[in-house]
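> Dumping the structure here so I can ask a few things about it.
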Amino acid sequence: MDRERTKTLILSLLVILSIMSLHRIWFDSPISLQSEASNGRDQGYTILDTRNQIISPREVTLGFGGSISNNYYTVLNYQETKLVWEKSKLLLLDFFAKEPNVDTVSLDEYFESKQLKSIELEFGKGMPSVLISSVFNTMDNRITNEIRTIKKILIPASNTGSIYILSENENNVYRVSLSEYENTTLEDYITEYDEDKKDFVRYRTTFGFVNNKTLMPIEYKQLLPEIFVESEIDIKEEEIIVRTAKSFFNENFDFVKAIRETSGSIIYLYGYGEKSVRINPQGYLSYNQEMISNSSTNILEALNVALNFIEKHGGIMETAYLSEIKDVSTGSNRGYYFGFNYDIVGYPIANKNTLNQLEIEVYGNDVKSYRRFIREKMNLGSIDHIDTDITPPIQIIEDNLGVMLDYYNKDLENSKTMESTNAKNEPVIDYKIILENVNRVEMVYFDTVEENSMQLIRPSWLIRVGKRIYYFDSYDGKLLYTMIEN
């Protein structure tokens with residue numbers, strides 16, 4: 001009898017355990033799945049937020065209007081750029097979401113509108129219109145159908161229904177118009193900015209006498225310090241270096257070979273070189289893998305792949321923006337290059353190695369290459385120049401006309417196709433050619449990339465003449481570095 005009771009008790013316990021197990025299967029699992037789905041949605045929202053962060057203007061210019069001889073502009077800092085971009089998006093939404101008229105117009109009409117009160121948004125090199133349109137949750141619209149790339153968007157402040165879009169090829173200018181549309185939000189902002197901020201830097205078209213409309217400041221009274229920076233990766237921190245490398249190889253790190261070069265760089269190789277990670281003493285990281293995917297993808301999906309990869313391997317910088325996009329497709333393999341830059345203490349950072357501090361190539365769903373060199377400001381104070389004025393760029397150009405002309409002739413000699421004005425392959429001796437070809441003047445912090453830590457970087461003028469970029473010390477005017485833009 002006791003034995004039977006024991007069997008019954010055991011059987012009852014087994015039934016109870018079975019019921020409890022079924023309860024966990026039917027109730028706990030859906031909760032777990034729901035949690036995983038929620039995490040997926042959160043990740044999706046994170047990528048969307050990051051995408052909207054980096055698809056933003058790299059530079060914003062306010063135009064204050066006035067007479068042709070007395071109108072002036074200013075270039076906004078990072079925080080002001082973000083503020084104006086948010087205001088501008090509210091204004092641009094209807095142009096991207098509705099069905100505006102898109103007409104081809106002349107470059108002269110663009111500049112005539114720019115002389116009025118206006119806001120000019122400048123985006124990264126090769127920016128597809130579909131990416132900017134994605135910010136407004138629309139991909140197929142009149143603008144994306146008519147305009148392939150967007151270099152600049154000009155918004156007349158007294159907006160009565162027209163904006164202007166300058167394509168990557170500056171010969172392609174479009175007027176985008178909506179009927180019965182008016183918005184004066186930006187006009188109020190520009191007026192208040194002009195009245196409230198008396199010390200902002202005024203830019204003008206200094207070389208208008210050679211028909212060059214590039215803006216540059218006549219004087220620059222801002223006090224910009226030299227600052228100390230350090231790389232986010234310190235090669236001396238072996239544990240961190242190994243952890244960083246492991247993130248690229250996942251569970252396959254047992255098959256990874258580490259090689260230390262005489263230069264101090266560390267290379268991690270998987271297999272016969274199918275994947276590799278190289279970190280140099282300055283903290284520059286380079287990842288490469290043999291191409292796997294041959295599937296095609298659209299540019300928005302490719303950007304999502306890139307941002308997901310970056311998030312897992314260092315993350316995106318808070319002040320980052322998309323600075324360059326290129327189609328790098330080979331045969332049936334559809335690929336895109338994305339270049340990112342970022343601001344440090346309100347100004348873009350630059351160095352002699354690359355124009356973009358973070359670069360990534362995506363083919364299908366695979367990342368072929370990833371290069372990253374990020375500097376962070378150190379809490380060591382800064383070196384102020386209270387008694388020294390910044391040298392205006394126009395003076396730097398005048399002082400270096402001979403140097404620039406020498407480089408111009410050298411580049412001309414190396415070029416496969418000579419300029420039509422130089423058909424006889426003879427050196428150019430007229431300095432006016434330099435003034436005609438100055439197409440960008442920008443304040444940056446230039447990094448000589450000599451130290452991993454305690455690197456002193458100085459405010460410098462980036463001056464581009466044709467495709468050649470010069471970096472000049474903004475205080476003493478000395479040439480720091482020059483390179484040809486690809």
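> Enumerate the calculated ³J(HN,Hα) couplings along segment 449-457 in order (Karplus 6.51 cos²θ - 1.76 cosθ + 1.60, θ = phi - 60°), each rounded to whole Hz, writing x wherever the residue is Gly or Pro.
Per residue, the Karplus-derived 3J(HN,Hα) values read 6, 9, 10, 6, 9, 6, 7, 8, 10 Hz.
> Quick check: the angle from helix 78-97's long axis to the longest principal axis of the chain, C-alpha only, nearest 10 degrees?
80
> Further question on the same structure: In degrees from 0 to 90, rounded to the nearest 10, what is the angle of the helix 299-312 Cα long axis to the longest principal axis of the chain?
Tilt of helix 299-312: around 70 degrees.
> If you build the Cα gyration tensor of segment 245-346 and take the root of 5 times each eigenvalue, what three semi-axes come out, in whole angstrom, biggest first?
25, 21, 12
> Now a separate question. Give me the Kirkwood hydrodynamic radius of segment 52-200 in Å, from all C-alpha pairs, to one decimal place?
Kirkwood radius, segment 52-200: 15.4 Å.
> If the cut-off is 18 Å between C-alpha atoms, which lysines fall inside it for K275, apart from same-chain ones fewer than 8 positions away?
Partners found: K246, K257, K312, K368.
> Now, a different point. Sort 257-263, 396-402 by the packing proxy (mean of other Cβ within 10 Å over each peptide's residues), most packed first.
Final packing ranking: 396-402, 257-263.
> Measuring from label point to label point, each 7 Å out along Cα→Cβ, what is the N298 to L380 span in nm?
Result for the modelled spin labels: 4.8 nm.
> Now for a separate question. Among the listed pairs K197/K352; K151/K198; K197/K326; K82/K377, give every one whose C-alpha distance is greater than 27 Å.
The pairs that break the limit, which is 27 Å between Cα atoms, are K197/K352; K151/K198; K197/K326.
> Still on this structure, please answer the following. Accessible area per residue for the chain in Å², computed with a 1.4 Å probe and the full protein assembly in place, what is it?
Dividing the accessible area of the chain by its residue count gives 52 Å².
> On to the next question. Given only helices, namely DSSP H runs of n ≥ 4 each adding -39500 (n - 2.57), what is the per-residue ellipticity at 222 nm of the chain, to the nearest 500 deg cm²/dmol?
After summing the helix terms and dividing by residue count, I get -10000 deg cm²/dmol.
> Given the Cα-Cα distance of E485 and S265 and 0.36 nm per residue of separation, how much length would full extension add, in nm?
76.5 nm
> Hey, rough spin-label estimate for K197 and D94, points 7 angstrom out along Cα→Cβ, what's it come to in nanometres?
Each label point is offset 7 Å from its Cα along the Cβ direction, giving 2.7 nm.
> A further question on this structure: Across bins of 5 angstrom width beginning at 0, how are the C-alpha pair distances of segment 343-460 distributed, in whole percent?
So the P(r) values, bin by bin, are 2, 8, 13, 14, 13, 14, 14, 10, 7, 4, 1, 0.
> Sticking with this structure for a sec: At a Förster distance of 22 Å, what's the computed FRET efficiency of E146 paired with S332, Cβ-Cβ distance as r, to 0.05?
FRET efficiency, E146 to S332: 0.20.
> Round to the nearest 10 and give me the degree value, 0 to 90, for the angle of helix 29-54's Cα axis relative to the longest principal axis of the chain.
Tilt relative to the chain: about 10 degrees.
> Given a Förster distance of 25 Å, report the FRET efficiency between N137 and N308 from their Cβ-Cβ distance, rounded to the nearest 0.05.
Efficiency computed from Cβ-Cβ geometry: 0.80.
> To continue, here is another question. Per the 1.4 Å probe, what fraction of the accessible area of the chain, in percent, lies on carbon and sulfur atoms?
The computed percentage sits at 49.
> Under 15 Å between alpha carbons, and skipping anything fewer than 8 positions from K236 in its own chain: which aspartates and glutamates qualify?
E261, E451
> Going by amide H atoms built from the backbone, whose H comes under 5 Å of the H on R458, apart from near neighbours?
Residues meeting the criterion, in which the H sits 1.01 Å from N, are F446.
> Among the aspartates and glutamates, select those whose C-alpha is under 13 Å from the C-alpha of K152, and discard any that sit fewer than 8 residues away in the same chain.
E59, E120, E122, E168, E170
> Still on this structure, I have one more. For segment 440-486 and segment 341-365, what is the separation of their C-alpha centers, rounded to whole Å?
15
> Let me ask you something else. If you look at just the Cα atoms of the chain, how large are its Rg and its Dmax in Å?
27.9, 118
> Once the dipole of segment 80-166 is set up with Lys and Arg at +1 and Asp and Glu at -1 on Cβ about the Cα centre, which of L107, L154, L131 lies farthest towards its positive end?
Towards the positive end, the residue furthest out is L131.
> Considering Cα pairs under 8 angstrom that are at least six residues apart, work out the relative contact order of the chain and quote it in whole percent. Working shown, then result.
Values: 895 pairs, mean separation 64.2, N = 486.
Contact order relative to length: 13 percent.
The values are calculated or read from the model by the stated rules, or taken from the named source; none is laboratory data. These numbers were taken from a predicted model, which means no experiment stands behind them. Neighbour counts run over all protein chains shown; Cβ positions are idealised from the backbone, glycine included. Side chains are part of the model used for accessible areas, which takes the heavy atoms of the whole protein and leaves out ligands, DNA and RNA. Shrake-Rupley method; radii C 1.70, N 1.55, O 1.52, S 1.80 Å.
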